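Quick notes on the structure that follows.
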Amino acid sequence: MTEKNSSVFDNVGSSLNELYRSTEDDHETEIVESASISVIGEQERAEIDMMIATAKRYPRTISKFVQQARSLALSTPQIAAGCSYAVPKAGKTITGPSIRLAEIIAPSWGNCRYGGRVTDIGDRFVTVQGFFYDLENNVGVSVDVRRRITDKNGVRYSDDMIQQTCQAGVSIAVRNAIFRGIPGGYVEAIRLEAEEIALGKRDGLDTQVGKALGYFKEEYSINEEAILRTLKVESVKDITWGHVSRLIAFRTSIQTGESTADQIFAESPGLEKKAPPKAGRQTRKGEAPEKTPEPSDAQEPEKETEVEGNDTTEAPEPSDGLGI
């Protein structure tokens, strides 16, 4: 009995019978009764009580949850490939379970509600909130996420881009809330299994490396040199299965809106790019070569906000199911 509806959750625990208004003359607090709001609040509370009672009557079985989640996540290499995301930040690559895996885990967990909404659109950032409510255990989690809506030059996005950013932020917030409400041990075990399926080791490393490089070149015009620089390797021969797994996770991050190809494959300080010698002049023997300017740093990662009792991270839009 899983639902995605934020209206009920937003009103849980709030006082809907009374609205308070401070008078300007004597600064005393005046209570204003609202019959219509009170009726709506009673209906929503009754609905939640009914769902909690049903969850208690039909409790989840952990073995059934694991079996169902594994059967969905590991059903095909394409689905398994979408279960992890990866984004480069501060010279490191951050990986974790994606929104695609959250969409598998939450319904399999059962007896829960989850959703998200935009809470604020400012001049430079949008703030969104995701929630997860375990009806059976009566535990709720909410997560706030901020997303930048200006480019590197400080120019504000267009309305369409802001809307896309909001949708991406909602997906990220929902994902983080789900994985805060469901034990991470189960999630990580299923994610690692999916990662093995996605690698497709039966085809051989060289085949998978070729597919990965060809995918990013064809879909996003990312050349081989940029990929090697991001992976911090010298040549294609140095790419391992771990690097292939990272490339698959990069693809998921781009498809779900977690990041963009330009952000992922920006100039990385991990492997300096060798500059060709200037035309008409070669470095003489014993002469110190000219210093190659260091590549520009990637855009500074957005700072994640944290609300008291809540955690914030970032991930959104449906993937097309393409595998590398």
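The values are calculated or read from the model by the stated rules, or taken from the named source; none is laboratory data. Computed from a prediction, not measured in an experiment: that's the story for all the values here. Cβ: placed from backbone, ideal geometry, glycine included. Neighbour counts: every protein chain shown.
See the values below:
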quantity	calculated
Criterion (farther than 22 Å from VAL87 by Cα and in contact with a helix residue (DSSP H, G or I) (Cβ under 9 Å, 6 or more places away or on another chain)) met by exactly one of TYR133, TYR220	TYR133
Single unsatisfied condition, ARG57 versus (1) loosely packed, with under 14 Cβ neighbours inside 10 Å; (2) of a type in the set (D, E, K, R); (3) modelled with pLDDT under 90	(3)
Flag if ALA249 is closer than 30 Å to SER108 by Cα and either part of a helix (DSSP H, G or I) or in contact with a helix residue (DSSP H, G or I) (Cβ under 7 Å, 6 or more places away or on another chain) (or both)	yes
Flag if SER98 is at pLDDT 90 or above, over 18 Å from GLY184 (Cα atoms) and either assigned by TED's automatic domain parsing to the domain that holds ASP144 or of a type in the set (A, V, I, L, M, F, W, C) (or both)	no
Residues satisfying the stated conditions in segment 64-101, i.e. without any contact (Cβ under 8 Å) to a residue 12 or more places away in the chain and within 13 Å of GLU195 (Cβ to Cβ)	none
Residue tally, condition basic (Lys, Arg) and out of contact with any Ser or Thr (no Cβ under 8 Å at 6 or more places or on another chain), over segment 220-257	2
Any hit, segment 67-87, residues being of a type in the set (D, E, K, R) and within 19 Å of THR165 (Cα to Cα)	no
Which listed residue, of GLY130, GLY115, GLY122, GLY110, is surrounded by fewer than 16 Cβ atoms within 10 Å (Cβ to Cβ) and either assigned by TED's automatic domain parsing to the domain that holds GLU258 or over 25 Å from HIS243 (Cα atoms) (or both)	GLY122
Selection status of SER259, at pLDDT below 90 and closer than 25 Å to VAL174 by Cα	yes
Scan of segment 159-188 for residues that are within 20 Å of VAL66 (Cβ to Cβ), without any contact (Cβ under 8 Å) to a residue 12 or more places away in the chain and assigned to a helix (DSSP H, G or I), ordered by number	GLY184, GLY185
